[in-house]
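S.K.: After the C-alpha cells below, expect a handful of questions from me.
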Amino acid sequence: MTSPLARLLRQLSAGFSNQAQAFENPPLYAHILVKFRPLPQLAPGSLLVEQSYAINPAAPYRIRVLRAELGEAGLIIHNQALHDDERFWGAVEDGAKREQITATDIKPLEGCAYVVREVAGGFHGEVEPGCRCLVERKGATSYLVSSFELDGRGMRTIDRGHHPETHEQLWGSLAGPFEFERTHDYSDELPPHWLVG
C-alpha cells in the first residue's frame, strides 16, 4: 500500500499545459505551462515548480519550492519562495541548475500552505484559511485565494487576489478554472525513500 503522500507526489511530479483550453478561448485563457520537478537534495517532498507563458518558457512568472508532507492534520503543501529567484529561472529544465538550489535559498511564505485532501482518483487542495497569503501585484497588496484539483489526467487550478480589507476581487480568473492536461511525467525522479512510510 502506498501512502497518500506518495500518491500525491507521484501525481504532482509532472508537466502540465492548458493548450487546448487556451486555443479554444484565447481572450479568456493564456497558454500556460506548469512543471513540477523533484529536488532530491532538499527535505523530502520538495518540488521545484515553474509557471510560464508558453510563448516565453525561459522567463517564468512564478517559481517556487513546494514541500509536501503528511502531518497530524493530514496532507499539507508548504509554499516557499526563492531568494533572488531569477538565478534559478529555467532550472525546471536544467538538472545542473536544479542541483544548485539549497535550503538557504528558500524562504517560507507565511499563510500560503495548501491544505490537501485525497478524493476519488486524485487530490483537492486549497490555501489555508485566514487570508494571510499576501501577494504583491501591480503595486497593490492582495491576499491569495487558490485551489487545485489533481488526478492522473491533469490539473484544474483557480487563483484569485482579494483586497485585504474589502475582500473585493482584484485579479484572477473570472471565467473559471484553468484546465491543464498532463504533458510530462517526472515521477521517476522521486527518491524512493520519499515514497515509503
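The values are calculated or read from the model by the stated rules, or taken from the named source; none is laboratory data. Nothing here was measured: the structure is a model prediction, and the numbers come from that model. Cβ atoms come from the backbone with ideal geometry, glycine included; neighbour counts cover every protein chain shown.
S.K.: Mind checking whether some residue in region 117-130 is in contact with a Leu (Cβ under 8 Å, 6 or more places away or on another chain), within 27 Å of Q41 (Cα to Cα) and exposed (fewer than 12 other Cβ atoms within 10 Å of the Cβ)?
M.R.: yes
S.K.: Additional query: Please work out which residue is nearest to D185 (Cα to Cα), limiting yourself to region 87-107 and to residues that are hydrophobic (A, V, I, L, M, F, W, C) and surrounded by 15 or more Cβ atoms within 10 Å (Cβ to Cβ). It would help to see each step written out before you state the result.
M.R.: So in region 87-107, the residues hydrophobic (A, V, I, L, M, F, W, C) come out as 88-89, 91-92, 96, 101, 103, 106.
Now narrow it down to the ones that are surrounded by 15 or more Cβ atoms within 10 Å (Cβ to Cβ): 88-89, 91-92, 101, 106.
On the way: F88: 21, W89: 20, A91: 16, V92: 13, I101: 21, I106: 25 Å.
Per the criteria, the residue is V92.
S.K.: Take the residues in region 42-94 that are of a type in the set (K, R) and under 14 Å from the mean Cα position of the chain (by Cα), then tell me which one is nearest to P4 (Cα to Cα). Full working, then the answer.
M.R.: Going through region 42-94, the residues of a type in the set (K, R) turn out to be 62, 64, 67, 87.
From what's left, under 14 Å from the mean Cα position of the chain (by Cα): 62, 64, 67.
Values: R62: 27, R64: 22, R67: 14 Å.
That would be R67.
S.K.: Report yes if R182 is modelled with pLDDT of 95 or more, buried (at least 16 other Cβ atoms within 10 Å of the Cβ) and of a type in the set (K, R), otherwise no.
M.R.: yes
S.K.: Assess whether T166 counts as being part of a helix (DSSP H, G or I) and farther than 27 Å from R10 by Cβ.
M.R.: Working: part of a helix (DSSP H, G or I): no; farther than 27 Å from R10 by Cβ: yes.
Taking the combined requirement at face value, the residue does not satisfy it.
S.K.: Of these, T166, T157, which one is farther than 22 Å from V34 by Cα and either among the hydroxyl-bearing types (S, T, Y) or surrounded by 14 or more Cβ atoms within 10 Å (Cβ to Cβ) (or both)?
M.R.: Exactly one of T166, T157 is farther than 22 Å from V34 by Cα and either among the hydroxyl-bearing types (S, T, Y) or surrounded by 14 or more Cβ atoms within 10 Å (Cβ to Cβ) (or both), namely T166.
S.K.: A further question on this structure: Conditions: (1) touching a Lys or Arg at 6+ places or on another chain (Cβ under 9 Å); (2) of a type outside the set (A, V, I, L, M, F, W, C); (3) over 12 Å from F180 (Cβ atoms); (4) surrounded by fewer than 21 Cβ atoms within 10 Å (Cβ to Cβ). R62 meets all but one. Number of the miss?
M.R.: Unmet condition: (1).
S.K.: Now, a different point. So if I check each of S17, S13, which one is closer than 15 Å to L190 by Cβ and among the hydroxyl-bearing types (S, T, Y)?
M.R.: Selected residue: S13, the only one of S17, S13 that is closer than 15 Å to L190 by Cβ and among the hydroxyl-bearing types (S, T, Y).
S.K.: Quick one: how many residues across region 8-40 are part of a helix (DSSP H, G or I), surrounded by fewer than 21 Cβ atoms within 10 Å (Cβ to Cβ) and out of contact with any helix residue (DSSP H, G or I) (no Cβ under 9 Å at 6 or more places or on another chain)?
M.R.: The total comes to 5.
Conditions tested, residue by residue: (1) assigned to a helix (DSSP H, G or I); (2) at positive phi; (3) touching a helix residue (DSSP H, G or I) at 6+ places or on another chain (Cβ under 7 Å).
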{"position": "C112", "(1), (2), (3)": "no, no, no"}
{"position": "E118", "(1), (2), (3)": "no, no, yes"}
{"position": "S142", "(1), (2), (3)": "no, no, no"}
{"position": "E149", "(1), (2), (3)": "no, no, no"}
{"position": "M155", "(1), (2), (3)": "no, no, no"}
{"position": "I158", "(1), (2), (3)": "no, no, no"}
{"position": "H184", "(1), (2), (3)": "no, no, no"}
{"position": "D188", "(1), (2), (3)": "yes, no, no"}
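A quick yes/no check of all residues on (1) surrounded by 15 or more Cβ atoms within 10 Å (Cβ to Cβ); (2) of a type in the set (D, E, K, R):
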{"position": "R153", "(1), (2)": "no, yes"}
{"position": "A175", "(1), (2)": "no, no"}
{"position": "S187", "(1), (2)": "yes, no"}
{"position": "L190", "(1), (2)": "yes, no"}
